[in-house]
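Below: one structure, written as structure tokens.
None of the figures in this text is laboratory data; all of them are computed from the coordinates on show. From a predicted model like this one, the values you see are computed outputs, not experimental measurements. Cβ placement follows ideal geometry from the backbone for every residue including glycine, while neighbour counts extend to all protein chains displayed.
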Amino acid sequence: MATDAATVASGEERRARRREGWRRFVLISPAMAIIAAIMLIPLGLMLTYSFLESGRYGGVVWEFSTEAYIGFLFERQLDESLAFTDSYIRIFGRSFGLSFATMAIALLLAFPAAMFMALQPPKYRAILIFLVTIPFWTNLLVRNYAWILLLRDFGLINNTLLNLGLPQLPLMYNNFAITLGLVYSFIPFMVLPIYASLEKLDWRLVEAGQDLGANRLQSLRRIILPLAKPGIIAGCILVFVPSLGAYITPELLGGGQRLMIGNLIQLQFGASQNWPFGSALAFILLATVLLFLMLWAWRAKKRGEAAALREAAVG
């Protein structure tokens, strides 16, 4: 009898779990449908286009071809042979380098700002968050044109230098201008996640560490940074990934002389009318970013497992 009762109870529990699973599925179905409509379907179309032939006057020819992916690494000669070219690899390398520099500079500037905000009385924090988000109220195009007025050869900065009897500085149409514009555009995405982590930090832990003999640097390295790590990681991703696909800032502040991936893709869909190659570039970028994120997640998981083993051994 006890066995029969246990079997019935187990069956009821399975049916309850099944009903709960169906209920959750029904509830999330609208959201999944929206995601499929606005993200998966366009991505599927671009993936399809990347394996088609480019039309003579733009568009695509509905014939299967891998020419778009071959063209990323090789250039087809007149005799139909393939010659390796690193032109697009250099553009990808420049994009990753500038994006990494943007992320690093934004982190160095945002962390002190976020800590300052977190240490203020609650009544002032809302004002500081408001000030950080003010740039979002202005169109990105307008903000980049403002930098042009500051950085151009006879802009505000160089005119000031000339009035002081100093030589002009080449501030426009180079990697410096692009990085400066990207940092300015994306630094709020670094400040806000770090602030969200530091705001929840129990500062009594820092005081306890100092009571035990830790100086300010040790408190920062051993207490504050580990507890702020989730916000730092989120901020780095939110700055690095959009910087890779940035288009307006490199176009205006780089003057078209320092192509990044976003500009290259736009050229393929615009002036070059090579839709398959533009789609292939977009998917190569997507695959590269996903690969880096997966490697980072794998390494973070391995570190977490190693830390858990060490704690278990010590315990």
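Overview of results
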| item | result |
| --- | --- |
| Packing-based order for 85-93, 45-53, using average beta carbon neighbours within 10 Å, highest first | 45-53, 85-93 |
| Helix runs (DSSP H) in the chain reaching 27 Å along axis by Cα, Kyte-Doolittle at least 0.5 | 87-118, 175-199, 225-244, 275-314 |
| Most mobile listed residue (Ile38, Ile233, Ile157) in the chain, GNM with C-alpha springs under 10 Å | Ile38 |
| Chain lengthening between Arg19 and Leu40 when straightened (0.36 nm per residue, less Cα-Cα) | 4.7 nm |
| Structure-based [θ]222 nm, the chain - -39500 (n - 2.57) summed over DSSP H runs of at least 4, per residue, nearest 500 | -24000 deg cm²/dmol |
| Dipole moment magnitude, nearest 20 debye, region 136-231 about Cα centre, only Lys, Arg, Asp, Glu C-beta charged | 140 debye |
| Neighbour net charge for Leu182 - beta-carbon separation under 15 angstrom, K R +1, D E -1 | +2 |
| Within a Gaussian network of the chain (alpha carbon springs, distance under 10 Å), most fluctuating of Leu98, Leu40, Leu259 | Leu40 |
| Selection of chymotrypsin sites (Phe, Trp or Tyr not before Pro), region 102-131, meeting DSSP coil and at most 15 other Cβ within 10 Å | none |
| Ratio of the Cα radius of gyration of region 96-260 to 2.2 N^0.38 Å, where N counts its residues | 1.22 |
| Sequence ranges 21-31, 215-225, ranked by mean other-Cβ count within 10 angstrom, highest first | 215-225, 21-31 |
| Region 96-260, dipole about Cα centre (Lys/Arg Cβ +1, Asp/Glu Cβ -1), debye to the nearest 20 | 200 debye |
| Cα-based Kirkwood hydrodynamic radius, the chain, one decimal, Å | 24.3 Å |
| Charge context of Pro170, other residues only, Cβ under 12 angstrom, K/R +1, D/E -1 | 0 |
